[in-house]
């Protein structure tokens, strides 16, 4: 008995659409085979690593609200400056705390956010 052509384990035909179930399965198998060494979830749990992308997704939403909100229009340079400032504020090394404690030492006649 032969396998039906539309069965997901069947090899996709040349030029198969990205939505073809056989192509989806083929790409998934390649991905898992290539990244098997990075998928040691029991070890990651033991080390206390986060196993979810929710932390990053939450951060992206926060940045989007600050930068892409309604009535906000940024040039590329202005948007980059805002993102740089936000990154400095949430950084573990707290560079903005140091900057605020020593404002005169940091004064150079230029706006700090433009140098970022």
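Bear in mind these aren't lab numbers, they're just calculated from the coordinates by the rules spelled out. Quick caveat: nothing in here was measured; it's all calculated off a predicted structure.
The slack between residue 62 and residue 75, meaning 0.36 nm per residue of separation minus the straight C-alpha distance, is 2.7 nm. Reported to the nearest whole Å, the Cα centre-to-centre distance from the range 62-87 to the range 19-47 is 34. So what does the Cα-only Debye profile of the range 8-49 read at q = 0.19, 0.22, 0.32 Å⁻¹, as log10 I(q)/I(0), no solvent term? Values, matching the q order: -0.62, -0.70, -1.02.
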